[in-house]
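The block underneath contains the structure these notes are about, expressed in C-alpha cells.
Each value in this text was obtained by applying a stated rule to the coordinates, not by laboratory testing. None of the values given here were measured: they were computed from a predicted structure. In this analysis, Cβ positions are derived from the backbone assuming ideal geometry, glycine residues included, and neighbour counts consider all displayed protein chains.
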Amino acid sequence: MRKTLLPPSPSSKSVKDQHCSTQTFATLASWGFHTLALPKIIHIDMDCFYAAIEEREAPELRGKPIGVGGSSRRGVLTTANYEARKFGCRSAMPVFKALGLCPHLVLVPVRFDLYKSESARIRAIFGRFTEKIEPLSLDEAYLDVSHLQSSPEAVAREIRAQIREETGLTASAGISHNKLIAKIASDWNKPDGQHYVGPDDVDAFMRELPVGRLWGIGPKMRAKLAALNIHTCGDLQKLDKIELARRFGNWGIELHELSRGIDTREVRTHRIRKSLSSENTFSENILTLPALTPIMHGMLEGIREELARKHSDRIIRSLVIKLKFADFTRTTAERASPSIEPTIYEALLKEAWQRGQNKPVRLLGIGVRFRDPEGEDAQLDLL
Ligand code: DCP
Ligand code: MG
C-alpha cells in the first residue's frame, strides 16, 4: 500500500473555518485573496464502474464490448464499457436495442454485493484524506479537502493513484471551489483523467457550458430554454434575475446563480434523516375539525407504511401535527411518544385546530421526529 501523502497541516484551521460562500469568495478573489479562502472540492466518479469491475474479474473479457445487466433481451443495461459505448450502448438502454447496435456485446449479470464492497474500499481510500465525504452513489462522491495544504489537483491525483493501485480501477476527478463545478468537471477528461477549474477559469467555463449540464435541467426544461434561444449558460446569463423569476419562479432565481457557477452548498457528511412527514395542501379549504380528522387518519396510514418499509431501525421521539390556515398563518403541535398513537395525533390535531379559532385549514402536515442515533437530541427542523 502507498503511504498516505498530504496529511492535514497542523497549522491549518478547521475545514469549517476556511469555508466561505462563493459570493464572499468572489469579493475576496477580486482583492487577490482567493487561494487563501477558497474551499477545495473534489468530485470523484469511477469510470464505467460496474463494467470495469466485471472486466477486472474476468480478464478474458478485456477488449470486448461488455454490457452489465439484462439477463434477458427484455432487461436494461446498468452500464456498458467504453468498447460497447463506441457502438452507442449506454446505461438504461434496453438489451434488445443494445444488441441491435452491437451484436457481439457480452452481457454479464449484475453483482451488486461485489460493487458495494468495491465502493466501500474506495471510500476507505477517501477517508485517508478527509472526513468530509458526501457519497452520491456507489461510484461517486464529493470530497472537501480544504484542510490540506497541498493543491487540490495533487490530492485528486494521489487519490486516483491509490484507487488504481489498490483496486485496479480507474477514477476521474473534477476539482474546483464548489460542488457544482467540480461535478461538471469530473466528466471533462473522462476516463482516467481529471480537470481543474480555478477561480479565474469559472467565467469562461460556464459561458460555454450547455444548460443541460446544470443539475435540475432535464430534457423538458432544455426544450423550454431552447425555444427562448438559450443553449449555453452564457445565453442564460443574459436574462436578469427578475426575468428568470417571472418565467421559472424560484427555480429561475437558482438558475441565475447556477449559470454563473455559483453554488454555496457544503459537502454534507451525514444524511441522517431527522424526521418523516407528509403534507397535504387542500384544493378547497377544510372548514371543520370532524372533516379534518379522517383525512389525518388516512395520512397517518401512509406514514405508518413508510416507517415500516424504510425506517424500522429508527426510534421515534415525538409525534407532530402542523396546520396552515387560510390566512397562511401556521402552527405545530408536538408530543413526546416512542410510537405512533392515533389518539395522540387526534389530541394534537384538536390542539392545533383550536389555536386557529375556527379558521379554515389549507394544509395539514403529519409526522414523527426520530431520536438522533448518535445521541445528540439537537433542535430539529421538522415540518
Ligand atoms: N447505473 C445504473 N443505472 C443507470 C446508470 C448507472 O445502474 N441508469 C450504475 C452502473 C454504473 C454506476 O451506476 O456503473 C455508475 O454510474 P455512472 O453514471 O457514473 O456510469 P459509469 O460509472 O458506468 O460510467 P462513467 O465512466 O461515464 O462514469
Ligand atoms: Mg461513473
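Taking the Cβ-Cβ separation of HIS311 and GLN237 as r and a Förster radius of 35 Å, what is the calculated FRET efficiency to the nearest 0.05? Approximately 0.25, to the nearest 0.05. The stretch between ARG128 and THR331 holds 68.5 nm of extra length on full extension. This uses 0.36 nm per residue minus the Cα-Cα distance.
The protection proxy used here, the mean number of other Cβ atoms lying within 10 Å of each residue, ranks peptides 119-126, 45-52 as follows, highest first: 45-52, 119-126.
Considering only ASN189, ILE44, SER283, the residue lying farthest towards the positive end of the dipole of the chain is SER283, judged by Cα position with unit charges set on Cβ.
Filter LYS64/LYS97; LYS86/LYS190; LYS224/LYS324; LYS179/LYS238; LYS179/LYS310; LYS322/LYS359 down to the pairs with a C-alpha to C-alpha distance above 26 Å, please. Where the Cα-Cα span goes over 26 Å, the pairs concerned are LYS224/LYS324; LYS179/LYS310. Backbone amide hydrogens, once placed in the peptide plane, bring ARG371 within less than 5 Å of ILE315, ILE316, ARG317, excluding anything fewer than 5 places away on its chain.
Assuming a ≥ b ≥ c are the square roots of the Cα gyration tensor eigenvalues, decide whether the stretch 239-383 counts as rounded (a/c under 1.5), prolate (otherwise, with a/b larger than b/c) or oblate. Here the stretch 239-383 falls in the oblate category. For ARG111 and SER151, the FRET efficiency from 1/(1 + (r/R0)^6), where r spans their Cβ atoms and R0 equals 45 Å, is about 0.75.
Only Cα pairs under 8 Å and 6+ residues apart enter the sum, and on that basis the relative contact order of the stretch 70-214 stands at 12 percent.
The H on the amide N of ILE340, modeled in the peptide plane, is under 5 Å from the matching H of no residue at least 5 residues off or on a different chain. Taking the inverse of the mean 1/r over every pair of distinct Cα atoms in the chain gives a Kirkwood hydrodynamic radius of 24.5 Å.
3J(HN,Hα) couplings calculated from phi for the stretch 76-93 with the Karplus curve 6.51 cos²θ - 1.76 cosθ + 1.60 (θ = phi - 60°) are, in sequence order, 10, 7, 7, 7, 9, 7, 5, 4, 6, 5, 4, 8, x, 6, 9, 4, 6, 7 Hz; Gly and Pro show x. Considering helices alone, the calculated mean residue ellipticity of the chain at 222 nm is -11000 deg cm²/dmol, with DSSP H runs of length four and up weighted by -39500 (n - 2.57) and normalised per residue.
Applying the Karplus relation 6.51 cos²θ - 1.76 cosθ + 1.60 with θ = phi - 60° to the stretch 274-282 yields 3J(HN,Hα) values of 9, 7, 9, 8, 9, 10, 9, 9, 7 Hz, where x marks Gly and Pro.
Residues whose amide H falls under 5 Å from that of VAL76, counting only those 5 or more places apart or on a different chain, are GLY70, VAL95, with hydrogens built in the peptide plane. Once the Cα-Cα distance is subtracted from the 0.36 nm per residue extended length, the ASN250 to ARG268 segment shows a gain of 4.2 nm.
Let a ≥ b ≥ c be the square roots of the eigenvalues of the Cα gyration tensor of the stretch 204-258; is it rounded (a/c under 1.5), or, if not, prolate (a/b larger than b/c) or oblate? It is rounded, given that a/c, with a ≥ b ≥ c, falls under 1.5.
As a length-normalised measure over Cα pairs under 8 Å and 6 or more apart, the relative contact order of the chain settles at 14 percent.
How far is it, in nm, from the label point at LEU136 to the one at GLU351 when both lie 7 Å from their Cα along the line to the Cβ? Here the answer is 4.2 nm between the modelled labels. Note on GLU57/GLU257: beta-carbon distance plugged into 1/(1 + (r/R0)^6) with R0 of 56 Å gives a FRET efficiency of 0.80.
Dipole magnitude for the chain: computed about the Cα centre from +1 point charges on Lys and Arg Cβ and -1 point charges on Asp and Glu Cβ, it is near 620 debye.
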